[in-house]
Amino acid sequence: MFADRTTLLSDAEELAQYQLHENNLEDPGYRQFLLRLAAPLLRSLPAAGLSGLDFGCGPGPLLAQMLREAGQHMAVWDPYFAADAAVLQQHYDFISCSEAIEHFVNPAQEWALWLKLLKPGGTLAIMTKRYTTAAAFAGWHYKLDPTHVSFFSADTFAYLAKRDGFTLNIADNDVVILQQRKH
């Protein structure tokens, strides 16, 4: 599901909304929140020392820091807070995306980019709230954030996994781990 494109914020309005978020690297609650993605991602990886990209890291890249602490080599990218195009020229063993995919105006474009950046056999780890039914979507609080413009269901991730050669692990209500099958 997508937000009506006439309701999209300008880049300046979107950035102003993001600057209201509190992504404090020292906040134990924020660390615990991100652990919901970090823990199943780390369990899915075959070893430490792999290369990862935290895509949509925001102003406080705590997830990348947590994955570094676990022995992974991390790069970060965000269109507003870490827009180093050089990191989009590398290839990665895994890509994490925590609470960012719902902000993508053209998620198919980012998905195609992820497929290009991911090494064969790589892993995608995504955390986002998923909708269940159109009826539930109608009263869903998550869609009220004006920066949330793309919404996904478990069926969406199952379709993408099948189409693009991944196995799908729905690790939590808001977390999916997709591991690319080796050719």
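The values are calculated or read from the model by the stated rules, or taken from the named source; none is laboratory data. Keep in mind the model is a prediction, meaning the values are calculated, not measured. Here the Cβ is made from the backbone with ideal geometry for all residues, glycine too, and neighbour counts use every protein chain on show. Accessible surface is based on the protein model in full, side chains and every heavy atom, while ligands, DNA and RNA are left aside. Shrake-Rupley method; radii C 1.70, N 1.55, O 1.52, S 1.80 Å.
Just a few scattered comments:
- A search for C-beta distances below 7 Å between a residue of segment 137-159 that is open to solvent by less than 40 Å² (accessible area, probe 1.4 Å) and any residue that is basic (Lys, Arg), counting only pairs 6+ apart in sequence or on different chains, returns 137/143; 142/129; 151/143; 152/130; 153/130; 154/130.
- Cβ pairs under 6 Å, 6+ apart, first in segment 58-77 and among the β-branched types (Val, Ile, Thr), second assigned to a loop (DSSP other than H, G, I, E, B) and buried (at least 21 other Cβ atoms within 10 Å of the Cβ): 76/57; 76/61
- Evaluated against (1) assigned to a loop (DSSP other than H, G, I, E, B); (2) open to solvent by less than 10 Å² (accessible area, probe 1.4 Å), residue 105 falls short on exactly one condition, (2).
Residues checked against (1) on the phi > 0 side of the Ramachandran plot; (2) not hydrophobic (A, V, I, L, M, F, W, C):
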residue	(1), (2)
56	yes, yes
60	no, yes
64	no, no
68	no, yes
71	yes, yes
76	no, no
85	no, no
99	yes, yes
105	no, no
